[in-house]
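Down below is the structure, laid out as C-alpha cells.
The values are calculated or read from the model by the stated rules, or taken from the named source; none is laboratory data. Model, not experiment: these values are computed from the prediction. All Cβ positions, glycine included, derive from the backbone under ideal geometry; neighbour counts span all protein chains shown.
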Amino acid sequence: MLKRSKFETTQSQIMHRAEDLISAASNRYRITVQVANRAKRRRYEDFDSPSDDVMMKPVLRAIIEMSDELTQEDIIGDEKSGY
C-alpha cells in the first residue's frame, strides 16, 4: 500500500520548479549548492521541532521554498516600485 503525502506536488511540478530555479540562476553549481545547504539546514531543524512537513524530503521542500521565493521576489519588487 502506498503512503499518500499531504502535499499535492507531483514529480512534474517539482521538476518544473527545479528548472525554473536553474534557469533563473547565473550559476548552476551555486544554485545546486544553495538547495543542498537549505535542505541540510531544514533537516537539522526538523530534528529540533517536529512539524507536519516531515513527510516531505528536505531537498524537495528546499526546491519548493526557493522556487516560491523566486516568484514572490517578483511580486515584492513590483510593490516596492509603486511607492
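Could you list, in sequence order, all residues of region 1-23 that are at pLDDT below 90 and within 16 Å of LEU70 (Cβ to Cβ)?
THR9
Could you tell me how many of the residues in region 45-70 are touching a helix residue (DSSP H, G or I) at 6+ places or on another chain (Cβ under 9 Å) and modelled with pLDDT of 80 or more?
Total meeting the criteria: 14.
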